[in-house]
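Have a look at the structure below before the remarks.
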């Protein structure tokens with residue numbers, strides 16, 4: 001069944017395309033300000049910036065003194081990340097129309113985007129005092145105060161918003177995004193409970209409550225919230241999907257499979273859900289079931305990289321190296337920016353004793369995710385396995401500055417130096433590691449077990465542990 005909103009979208013698209021044809025023809029034609037405004041908004045909504053710019057230029061040629069189009073031009077600047085250009089334009093027209101709240105609000109948005117929060121607040125407060133319908137301004141003020149760390153003040157603005165606005169479906173999403181952006185999980189729950197107390201059958205409120213509890217890893221509460229969603233509307237698959245995710249994260253894989261199955265929509269979006277079902281089967285040690293659902297996901301969407309990755313893991317466990325390699329390469333062809341794919345392929349090449357390709361994929365993985373020290377340590381371990389211990393030491397030293405607070409780096413460098421017979425350097429790094437985390441000294445022996453019988457090493461460890 002086609003929704004009424006779909007007709008409106010189709011009508012706007014046709015009007016926009018008709019405008020383009022007339023513009024390109026060079027013929028003279030007429031649009032009133034409302035029609036032009038709708039066309040410009042349509043382009044901005046769909047991020048067709050060059051077309052929005054053309055429409056604004058045409059509008060200004062007909063209505064040169066209409067401030068509305070200057071505001072739209074500022075919105076284009078913002079979309080192009082030209083915040084300074086937007087500020088200059090808005091400040092200019094604010095001097096001409098000092099009481100214009102649209103200009104003040106948009107100027108506040110610009111200052112907020114450029115982290116000039118005090119100026120943003122000044123603009124928003126001006127609009128707040130001028131407007132009778134001020135819910136959007138209160139929301140902006142809350143966001144700015146959250147950004148400044150003034151959480152109490154931010155919540156006071158949220159509490160000032162009329163309840164009939166708060167309980168609107170779209171505005172619930174706005175509020176939750178605001179809370180999540182600033183990691184205000186407890187406040188988000190309080191807000192949603194307030195909504196639910198007034199409107200117990202609000203599907204969105206229950207859904208987001210489940211989502212927040214899931215984020216907080218309180219899975220029982222999360223599942224309960226999603227079950228209320230399902231009770232309100234069992235045909236809406238979001239509740240089933242959310243419940244499935246929570247059950248999977250709490251390791252209740254059989255129940256998760258049941259919920260995921262109920263969330264299937266019989267379209268291409270099901271491919272991701274099928275991957276979730278396959279992952280549940282993997283965790284249940286049922287590779288046959290997992291493979292079946294990964295293949296089903298690929299059949300539905302041949303470009304779903306996670307399914308190829310899942311298949312590769314199954315083949316690796318079965319030591320079917322050729323098939324595992326093929327699936328990992330396919331996953332990387334689809335998404336070359338996922339570091340985990342490169343890590344697994346590097347490990348596979350380590351098993352196949354191909355140091356060139358092993359190093360190549362570890363290097364790519366670390367370039368993609370240089371904040372994850374485990375990648376670096378695994379890369380060094382690969383060099384260790386290929387007996388390139390000096391290169392392993394060099395790799396860790398080159399990147400030590402980026403991970404100088406991680407004790408594992410120091411233990412590893414110490415153990416490799418001892419292996420190479422560089423005892424003085426080994427002692428120096430061992431001291432540094434023990435100062436950081438003495439109770440992890442066993443890490444030293446993972447790569448240099450012979451040190452357990454070294455009296456000097458034992459004495460140094462005793463200095464920090466006894």
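The values are calculated or read from the model by the stated rules, or taken from the named source; none is laboratory data. These numbers come from a predicted model, not from an experiment. Note: ideal-geometry Cβ built from the backbone for every residue, glycine included; neighbour counts use all protein chains shown.
For segment 137-150, state whether one or more residues are closer than 23 Å to residue 192 by Cβ, without any contact (Cβ under 8 Å) to a residue 12 or more places away in the chain, in a helix (DSSP H, G or I) and more than 25 Å from the chain's Cα centre (by Cα).
No - not one qualifying residue is present in segment 137-150.
In segment 337-355, which residues are surrounded by fewer than 20 Cβ atoms within 10 Å (Cβ to Cβ) and touching a helix residue (DSSP H, G or I) at 6+ places or on another chain (Cβ under 8 Å)?
Passing the criteria: 337, 338, 339, 340, 347, 351, 352, 355.
Spot the failing condition for residue 266; the list is (1) free of Cβ contacts under 8 Å to residues at least 12 places away in the same chain; (2) in a helix (DSSP H, G or I); (3) closer than 21 Å to residue 234 by Cα, and only one is missed.
It fails just one condition, (2).
Please give the number of the condition residue 311 fails out of (1) farther than 23 Å from residue 385 by Cβ; (2) exposed (fewer than 14 other Cβ atoms within 10 Å of the Cβ).
Only one criterion is unmet by residue 311, namely (2).
Based on what the data block shows, is residue 204 in contact (Cβ under 8 Å) with a residue 24 or more places away in the chain, out of contact with any strand residue (DSSP E or B) (no Cβ under 8 Å at 6 or more places or on another chain), part of a helix (DSSP H, G or I) and farther than 17 Å from residue 256 by Cβ?
yes
Within segment 308-326, identify whether any single residue is at pLDDT 95 or above, under 26 Å from the mean Cα position of the chain (by Cα), part of a helix (DSSP H, G or I) and closer than 28 Å to residue 213 by Cα, and answer yes or no.
Checked segment 308-326: at least one residue is at pLDDT 95 or above, under 26 Å from the mean Cα position of the chain (by Cα), part of a helix (DSSP H, G or I) and closer than 28 Å to residue 213 by Cα.
With respect to the numbered conditions (1) over 16 Å from residue 61 (Cβ atoms); (2) part of a helix (DSSP H, G or I); (3) modelled with pLDDT of 75 or more, which one is the sole condition not fulfilled by residue 8?
Single failed check for residue 8: (3).
Assuming residue 47 fulfils every condition listed in (1) over 21 Å from residue 72 (Cα atoms); (2) assigned to a loop (DSSP other than H, G, I, E, B); (3) at pLDDT 75 or above apart from one, which condition is it?
(1)
Here's the yes/no breakdown for (1) modelled with pLDDT of 90 or more; (2) touching a helix residue (DSSP H, G or I) at 6+ places or on another chain (Cβ under 6 Å); (3) under 26 Å from residue 193 (Cβ atoms):
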position: 119; (1), (2), (3): yes, yes, no
position: 153; (1), (2), (3): yes, yes, yes
position: 166; (1), (2), (3): no, no, yes
position: 173; (1), (2), (3): no, no, yes
position: 181; (1), (2), (3): no, no, yes
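Anything in segment 420-440 that is surrounded by fewer than 18 Cβ atoms within 10 Å (Cβ to Cβ) and under 24 Å from residue 366 (Cβ atoms)? List them, or say none.
Passing the criteria: 420, 425, 432, 436, 437, 440.
Filter segment 397-422 down to residues that are in a helix (DSSP H, G or I) and free of Cβ contacts under 8 Å to residues at least 24 places away in the same chain, then give me how many there are.
Number of matching residues: 5.
Please state which one of 254, 245 is in a helix (DSSP H, G or I), surrounded by fewer than 19 Cβ atoms within 10 Å (Cβ to Cβ) and in contact (Cβ under 8 Å) with a residue 12 or more places away in the chain.
Unique residue meeting the criteria: 254.
So which pairs qualify, if the first residue must be in segment 56-68 and in contact (Cβ under 8 Å) with a residue 12 or more places away in the chain, the second must be exposed (fewer than 14 other Cβ atoms within 10 Å of the Cβ) and in a helix (DSSP H, G or I), the Cβ gap must be under 7 Å, and the two must be at least 6 apart or on different chains?
Every condition considered, the pairs that remain are 63/33; 66/33; 68/33.
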